Amino acid sequence: MELKYKRDMKHILPLILLLCFFSNCSKDELESKNYEYYYPTDEATLTAQNIPGSTEAFDPKGIAVSNEKLYVVNGNVLEIFNAVTFAHIKTIKEYTKGTTTIPLTSLTSVAVDKGRIYLGSTESRLFVFDEVTNAGISTVGNGQWWQTFVHVFGVVVKDGLVFVKEKEKSIKVFETAQITETSNWNLEPIAKLNTLNGYTEVYSMDVYDGNLVVAGRDAKSYLYYNIANIKANAAKSLTTPIEPEKMQFLDVKPISVSFSSDWAVTSENVGNVSYLRLYPKEDFMKKNAKAVVNASDILGQNAFGTIVGTAQLNDLIFLSENTNKKIRIIKLNKASIAEQNN
């Protein structure tokens with residue numbers, strides 16, 4: 001790759017010199033150009049073999065990273081790994097609070113925020129655990145789809161709000177303060193959002209800079225909901241759900257989105273090809289983003305399957321690759337090239 005780059009530069013630099021002659025480029029501009037690029041490499045893979053005593057078929061869906069722990073929704077259980085060493089820590093199979101025990105089934109999504117773990121299930125429940133003790137705090141929904149939720153296909157929690165993606169095209173919004181150790185399971189949402197399209201797929205969402213961003217796979221768009229607008233129109237939205245602004249595509253299906261310190265980390269499907277794409281956050285929020293990393297495999301090998309969840313810790317990116325039933329851990333590398341003209 002580097003040899004090809006240098007060969008191309010030999011042809012490009014004369015054109016730059018010619019342009020500078022006509023546009024009065026300064027000497028400093030001619031003398032030095034620095035280029036930076038990012039590329040992913042394989043770091044590790046997690047499968048059922050990394051879970052001691054596991055009898056579950058590995059079925060990774062939603063993932064989250066918090067306090068150097070990786071949380072992986074795996075079929076009917078929640079797996080917890082060390083996000084630095086990748087060692088398995090614990091399997092959570094049930095929700096327990098006092099004398100109440102509910103087996104976990106059909107899990108889709110996980111979020112961790114301010115000492116709580118939120119687990120979504122297509123059994124029309126949202127489970128809430130203590131992050132440290134893993135004891136049950138509360139449940140929202142009672143497992144009957146015609147009650148609080150019609151299944152749960154995604155959850156994200158931030159800034160005191162809980163966003164729950166249901167079947168079809170609905171996101172219900174709750175306040176974290178509504179969910180307590182004594183709260184009722186049949187909570188009323190404070191607001192509702194319209195995802196335009198959708199059915200039974202796992203949905204990925206995250207919050208950044210005062211906006212909820214949804215990977216709208218069926219709408220072929222990233223969907224943006226301003227949180228201040230949600231709060232201002234909360235009451236009206238219970239009758240007419242709030243519609244999003246969009247970053248629209250023609251042939252791209254956004255599958256997952258999460259925000260790290262520098263990037264919007266996404267996965268997108270184009271036809272039968274799955275891509276890991278990284279966008280600068282600020283550009284992404286302006287909806288005029290151009291991907292800095294655009295990879296369908298790692299250095300020409302090991303093509304990605306459908307990535308339904310992403311998370312990042314430092315230079316490690318965690319991919320929930322459901323097609324190939326694994327968590328792929330990718331290292332993000334940065335390289336600089338300085339072109340000197342004498």
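Tabulated values for the structure
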item: Sites matching GluC sites (Glu not before Pro) across the stretch 48-97 that sit in DSSP coil, with at most 16 neighbouring C-beta atoms within 10 Å; result: 56, 68
item: Distance (nanometres) between label positions extended 7 Å along Cα→Cβ at residue 239 and residue 178; result: 1.9 nm
item: Cα→Cβ-extended label distance, 7 Å offset, between residue 94 and residue 270, nm; result: 4.9 nm
item: Per-residue HN-Hα couplings for the stretch 309-324 [Karplus 6.51, -1.76, 1.60; θ = phi - 60°; Hz; x = Gly/Pro]; result: x, 9, 7, 9, 9, 6, 9, 9, 10, 9, 10, 8, 9, 5, 4, 9
item: Rg(Cα) / (2.2 N^0.38 Å) computed for the stretch 278-342, rounded to two decimals; result: 1.38
item: Gyration tensor over alpha-carbon atoms, the chain, equivalent ellipsoid semi-axes in Å; result: 41, 24, 17
item: In order through the stretch 36-50: 3J(HN,Hα) via Karplus (6.51 cos²θ - 1.76 cosθ + 1.60), integer Hz, x for Gly, Pro; result: 10, 9, 10, 8, x, 10, 6, 10, 6, 9, 10, 9, 4, 5, 8
item: Helix axis angle, 2-23 relative to the chain longest principal axis, alpha carbon, degrees; result: 70 degrees
item: Loop-located trypsin sites (Lys or Arg not before Pro) in the stretch 214-309, at most 11 other Cβ atoms within 10 Å (DSSP); result: 286, 290
item: Efficiency of FRET between residue 101 and residue 57 - r from beta-carbon atoms, R0 35 angstrom, step 0.05; result: 0.90
item: Loop-resident sites, the stretch 32-117, for trypsin sites (Lys or Arg not before Pro), counting at most 15 other Cβ within 10 Å (DSSP); result: 93, 114
item: For the stretch 182-262, the fraction of alpha-carbon pairs in successive 10 Å shells from zero, as %; result: 18, 43, 32, 7, 1
item: Scattering profile of the stretch 223-286 at q = 0.12, 0.17 Å⁻¹ [log10 I(q)/I(0), Debye over alpha-carbon scatterers]; result: -0.42, -0.74
item: Separation of alpha-carbon centers, the stretch 152-191 and the stretch 90-150, rounded to whole Å; result: 12 Å
item: 32 Å Cα-Cα threshold exceeded, pairs from 236/290; 90/286; 69/281; 93/281; 114/286; 165/326; result: 236/290; 90/286; 93/281
item: Linear extension gain, residue 283 paired with residue 114, 0.36 nm per residue minus alpha-carbon span; result: 58.0 nm
item: Integer Hz, Karplus 6.51/-1.76/1.60 couplings in order for the stretch 88-102, x for Gly and Pro; result: 6, 9, 6, 10, 9, 10, 8, 9, 10, 9, x, 8, 9, 10, 10
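Coordinate-derived values only; no laboratory data. Model, not experiment: these values are computed from the prediction. Cβ sites come from the backbone with ideal geometry, for glycine too, and all protein chains shown count toward neighbours.
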